[in-house]
1. Taking interchain pairs and intrachain pairs at least six residues apart, which have beta carbon atoms under 9 angstrom, with the first residue in region 53-74 and under 30 Å from residue 5 (Cβ atoms) and the second assigned to a loop (DSSP other than H, G, I, E, B) and modelled with pLDDT under 75?
2. Out of all the residues in region 10-64, which are within 30 Å of residue 74 (Cβ to Cβ) and in a loop (DSSP other than H, G, I, E, B)?
3. I'm trying to understand the selection: among the residues of region 37-70, which are out of contact with any strand residue (DSSP E or B) (no Cβ under 8 Å at 6 or more places or on another chain) and more than 14 Å from residue 9 (Cα to Cα)?
4. Here's a check for you: in region 1-15, which residue that is under 12 Å from residue 45 (Cβ atoms) and surrounded by 15 or more Cβ atoms within 10 Å (Cβ to Cβ) is modelled with the lowest pLDDT?
5. Go through the residues of region 29-37 one by one and say whether even a single one is surrounded by 12 or more Cβ atoms within 10 Å (Cβ to Cβ) and touching a residue at least 12 places away in the same chain (Cβ under 8 Å).
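The values are calculated or read from the model by the stated rules, or taken from the named source; none is laboratory data. Note that the coordinates shown come from a computational prediction; the quantities given were computed from them, not determined experimentally. Positions of Cβ are generated from backbone atoms using ideal geometry, with glycine treated the same way; all protein chains shown enter the neighbour counts.
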């Protein structure tokens, strides 16, 4: 996967998602010239990859608290299915 441009890499998940939503709206409107559509699509793809990486990182950090059979408390990685 190609590395995101520096301006995208610096974005928070929320800002990247908001920009991606704006791009989708512009592309769906059909009022964008072909060359601009291509540039928007490429930026959108980079934003999508950035958001996916942020989500994966957050998912890996989430832990759940479990109670062992012996009554002790510990944490373990959460499983998402």
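1. Cβ pairs passing all conditions: 53/1; 53/4; 59/78; 59/80; 62/78; 62/80.
2. Within region 10-64, just 62 meets the criteria.
3. 37, 38, 39, 40, 41, 42, 56, 58, 59, 61, 69, 70
4. 4
5. For region 29-37, residues surrounded by 12 or more Cβ atoms within 10 Å (Cβ to Cβ) and touching a residue at least 12 places away in the same chain (Cβ under 8 Å): absent.
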